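> Sharing a structure below in structure tokens format, with a few things to ask.
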Amino acid sequence: MRGFARRTTVDEALKWLDGQITALAEESVLLAEAAGRVLAVEIISRVDVPTFDRAMMDGFAVRAADTLGATPYNRLALEVIGESMPGRPFQRTLEPGQGVRIMTGAPMPEGADAVLPAEWVEVEDAAADACGDRILAQGDVSPGKHVGRVGEDIAAGTAVLPAPRVLRPQDIGVLASIGRGEVPVVRRPGVRIVATGNELLPAGSMPQPNKIVDSNGPMLAALVERDGGVAINPGIVPDTPEAILEAMRSDADVVLVSGGSSVGSEDHAPALLIEHGELPVHGIAMRPSSPTGMGLLDGRLVFLLPGNPVSCLCAYDFFAGRAIRALGGRSTDWPYAQTTMPLARKIVSVVGRMDYMRVRLIKGRAEPLAVAGASVLSSTTRADGYVLILPDSEGYPPGAEVEVFLYD
């Protein structure tokens, strides 16, 4: 057993990491599969939406000039010559003194330039024409009134969605409206999870004497999916150099090794990475997660994450999650909402080290959890979030305003 000769600062580790990351290439997916994906290129509409002038309310398509001066005391007669329905437009041209019954969303007839609302009209009597009605206008409308114009929603040539952008349901609707059946998106990074340890039982097992159930593998898989990656987690890897190296040599874009990341005689992953790849970062000045390592194997990023669950979560959030989001075209920012509030009691740290302190929010104050163990994963479920104590600080006194990263 030996210690770390030097611990890399968090800033140094992030600088190295950011130098290794570029977004993956784009791929095309069906529109129905695009929600939640990251748009790879700016989308320019090739069409107007709508492509035709349409009624914005039920009533009568008319020539606005024919309604000028109409009031309940000065009703003006118009001949109804047909109707326009959504998908079934009126095919003739409106002449002066004529109107066409029209429904919301239906195409405006040629010659009409306004819609007279149904409530402003009195049907006078039946006549021997297409609809059998003569109407009396009881109000006037100006040209363009209650009419949706061509391109009013989206004009052809307009940039409708920027890149990169995580596509929301309403974005899918816009893409559908401009006729996109396929969407260019950034490829999701494949992430191989290598959970190793002779003491581990598969998730779903019951704990046994001298054995623990693998919690890091399922937790990491959920984190990877949250951050836009594709988790590859086939199960526990035997704690031998041969098995670990084979698992690390995955076809995935990123490899997460959970457990065996420190400097003990049974910690195989760091030695394998040094021998077969690169391990420029091993041992980071932070608590928890100090045994974290980062390197390259066959051109892909490998993260050595501590086996203790809280340390594993912390290291993932600081480093691996950042890389997975960036590879998938997403923001590298922390994926947690933030708020500022006073501390309920002091928290203590050491200058030169970054601390990740779990807190509960009680009556508008951040209460540090009295849990120091990096293996106490339940502390993260009892916590509402965490506070980062920066390396240049020895901690914060009671009442200090701190930034809280919220788990929810």
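> Restricting attention to the stretch 236-267, report how many residues are free of Cβ contacts under 8 Å to residues at least 40 places away in the same chain and either closer than 24 Å to Arg187 by Cβ or not hydroxyl-bearing (Ser, Thr, Tyr) (or both).
First, the residues of the stretch 236-267 that are free of Cβ contacts under 8 Å to residues at least 40 places away in the same chain: 240-242, 245-246, 266-267.
Checking the rest, the ones that are also either closer than 24 Å to Arg187 by Cβ or not hydroxyl-bearing (Ser, Thr, Tyr) (or both) come to 241-242, 245-246, 266-267.
Count: 6.
> Right, something else. Could you please find all residues in the stretch 56-92 being outside any loop (DSSP other than H, G, I, E, B) and free of Cβ contacts under 8 Å to residues at least 12 places away in the same chain?
Initially, the stretch 56-92 is screened for residues outside any loop (DSSP other than H, G, I, E, B), giving 59-62, 64-67, 71, 74, 76-85, 88.
Passing the criteria: only Asn74.
> Turning to a different aspect of this structure: Run Gly179 past the list (1) at pLDDT below 95; (2) in a loop (DSSP other than H, G, I, E, B); (3) surrounded by fewer than 17 Cβ atoms within 10 Å (Cβ to Cβ) and report the number of the one that doesn't hold.
(1)
Yes or no, residue by residue, for (1) modelled with pLDDT of 95 or more; (2) assigned to a strand (DSSP E or B); (3) farther than 26 Å from Asp227 by Cα:
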residue	(1), (2), (3)
Gly321	yes, no, no
Thr339	yes, yes, no
Arg345	no, no, yes
Met357	no, yes, no
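> Scan the stretch 136-153 residue by residue and report those that are within 20 Å of Ala77 (Cβ to Cβ) and assigned to a strand (DSSP E or B).
Leu136, Ala137
> Any chance the stretch 167-176 includes a residue that's under 30 Å from Ala315 (Cα atoms), under 25 Å from the mean Cα position of the chain (by Cα) and not hydroxyl-bearing (Ser, Thr, Tyr)?
yes
> Let me ask something else about it. Of everything in the stretch 361-408 that's surrounded by fewer than 14 Cβ atoms within 10 Å (Cβ to Cβ) and outside any loop (DSSP other than H, G, I, E, B), which residue is modelled with the lowest pLDDT?
Ser378
> Follow-up question, since we're still on this one. When only residues in the stretch 182-216 that are assigned to a loop (DSSP other than H, G, I, E, B) and of a type in the set (A, V, I, L, M) count, which is nearest to Asp253 (Cα to Cα)? Don't jump to the end; show me each part of the working.
Step one: list which residues in the stretch 182-216 are assigned to a loop (DSSP other than H, G, I, E, B), which gives 187-189, 197-199, 202-207, 209-210, 214-215.
Imposing the further condition that a residue be of a type in the set (A, V, I, L, M) reduces the set to 203, 206.
Values: Ala203: 24, Met206: 32 Å.
Checked the stretch 182-216; the qualifying residue nearest to Asp253 (Cα to Cα) is Ala203.
The values are calculated or read from the model by the stated rules, or taken from the named source; none is laboratory data. Just so we're clear, the structure is a prediction, and the values are computed from it rather than from any experiment. So basically every Cβ, Gly included, is an ideal-geometry build from the backbone, and we count neighbours across all protein chains shown.
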